[in-house]
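Chemist: Mind having a look at this structure? Questions to follow.
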Amino acid sequence: MSTVAIILAADATPGFSGPKYLALLRGKSLLQHVVDDAAEWPVDEVVVALGSGADELVEAIDFGRCTVVMDPEWAEGSASPLRAALDLVSRDRTTRRCVVARGDQPGIDGATVGTLIDMASETSADAVLPKYRYAVGWPIVLDYSIWDHLMGGEGAVDLHDVVASHSGAVEVVWYDHLSPPIYDRPDDLPETQQ
């Protein structure tokens with residue numbers, strides 16, 4: 001049974017001078033940080049879902065061994081790139097689990113992802129969420145049993161809300177440290193990087 005990481009990097013965020021995922025942090029783009037982080041995760045494959053600014057991202061990012069999915073319907077909302085990635089991942093019947101991460105959240109290490117995957121393996125949960133000092137965060141591990149439900153989603157979907165309302169088994173892994181920051185707006189970046 002294989003596990004695939006899905007990095008969501010499709011949304012367009014106003015306020016950035018170009019694609020949000022090309023914003024620099026410590027001399028490297030946000031998405032490059034996340035792709036490099038994912039290379040250290042205990043997964044069998046990494047899929048990156050692109051939408052807004054996809055052509056620029058493909059030119060600028062070294063995706064290494066990642067599989068890149070360009071979602072033409074990304075403007076519909078957050079459900080669309082997740083659908084596109086899950087559609088691709090579900091074609092391989094040996095893939096039974098995915099780790100869904102954000103392309104604007106560098107700093108997720110392999111140990112964190114490994115602990116989430118281990119919990120999913122030990123409990124056979126439909127979903128496993130990290131909780132960083134009382135706040136639920138990313139990435140989220142999803143068993144194939146919930147994929148069909150997610151592939152039927154439309155518009156803007158909050159994956160945490162979908163998982164919370166799911167009737168199946170949901171597990172939580174607690175961490176005693178804060179979550180790595182999410183850089184969703186230009187103001188989220190350190191002033192020296194804006």
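Read the figures in this text as sums done on the coordinates, not as results from a lab. Since the model is a prediction, treat every value here as computed from it, not as a measurement. Note: ideal-geometry Cβ built from the backbone for every residue, glycine included; neighbour counts use all protein chains shown.
Chemist: Given a Förster distance of 41 Å, report the FRET efficiency between ARG91 and GLU56 from their Cβ-Cβ distance, rounded to the nearest 0.05. Present the calculation step by step, with values, prior to reporting the outcome.
Modeler: Details: r = 28 Å, r/R0 = 0.67.
Computed FRET efficiency for ARG91 and GLU56: 0.90.
Chemist: Nearest 10 degrees, 0 to 90: what angle lies between the long axis of helix 110-123 and the longest principal axis of the chain (Cα atoms)?
Modeler: The two axes meet at around 20 degrees.
Chemist: Can you give the extra length, in nm with one decimal, that the chain gains between SER121 and TRP174 once fully stretched, where that is 0.36 nm per residue apart less the Cα-Cα distance? List each step's numbers first, then the result.
Modeler: Values: separation 53, 0.36 × 53 = 19.08 nm, distance 1.64 nm.
Here the answer is 17.4 nm.
Chemist: In the chain, once you exclude exposed trypsin sites (Lys or Arg not before Pro) (DSSP loop, at most 15 other Cβ within 10 angstrom), what's the longest stretch remaining?
Modeler: Numbers: sites that count: ARG26, ARG65, ARG91, ARG93, ARG133.
Value returned for the longest uninterrupted segment is 134-194.
Chemist: Nearest 0.05, what FRET efficiency do ASP161 and ASP184 give at R0 = 25 Å with Cβ-Cβ as r?
Modeler: Working: r = 17 Å, r/R0 = 0.68.
Computed FRET efficiency for ASP161 and ASP184: 0.90.
Chemist: Report the chymotrypsin sites (Phe, Trp or Tyr not before Pro) located in region 108-194 that are in a DSSP loop and have at most 12 other Cβ atoms inside 10 Å of their Cβ, or state none. Walk me through the intermediate numbers first.
Modeler: Values: sites: TYR132, TYR134, TYR144, TRP147, TRP174, TYR175, TYR183; in loops: TYR134, TYR183.
In loop regions of region 108-194 (DSSP not H, G, I, E or B), the sparsely surrounded chymotrypsin sites (Phe, Trp or Tyr not before Pro) are TYR134.
Chemist: While we're looking at this one, here's another question. Going through region 110-194, which GluC sites (Glu not before Pro) have at most 15 other Cβ atoms within 10 Å and a DSSP loop state?
Modeler: On the way: sites: GLU122, GLU154, GLU171, GLU191; in loops: GLU154.
Sites meeting the loop and neighbour criteria: GLU154.
Chemist: Ok, one more. With +1 on each Lys and Arg Cβ and -1 on each Asp and Glu Cβ, and nothing else charged, work out how big the dipole of the chain is about its Cα centre, in Debye to the nearest 20.
Modeler: Numbers: 13 positive and 31 negative charges, 45 e Å.
About 220 debye.
Chemist: What does the charge dipole of region 33-143 about its Cα centre add up to, to the nearest 20 debye, if the Cβ of each Lys and Arg holds +1 and the Cβ of each Asp and Glu holds -1? All intermediate terms of the calculation are to be shown ahead of the outcome.
Modeler: Details: 9 positive and 20 negative charges, 94 e Å.
Here region 33-143 has a charge dipole of around 460 debye.
Chemist: Within region 36-120, which GluC sites (Glu not before Pro) sit in a loop by DSSP and count at most 16 neighbouring Cβ atoms inside 10 Å? Before the final figure, lay out each step's value.
Modeler: Numbers: sites: GLU40, GLU45, GLU56, GLU59, GLU73, GLU76; in loops: GLU40, GLU73.
Filter output for region 36-120: GLU40, GLU73.
Chemist: Looking at ILE7, THR112, ALA49, which one has the Cα that reaches farthest to the positive end of the dipole of the chain (charges on Cβ: Lys, Arg +1; Asp, Glu -1)?
Modeler: Result: THR112.
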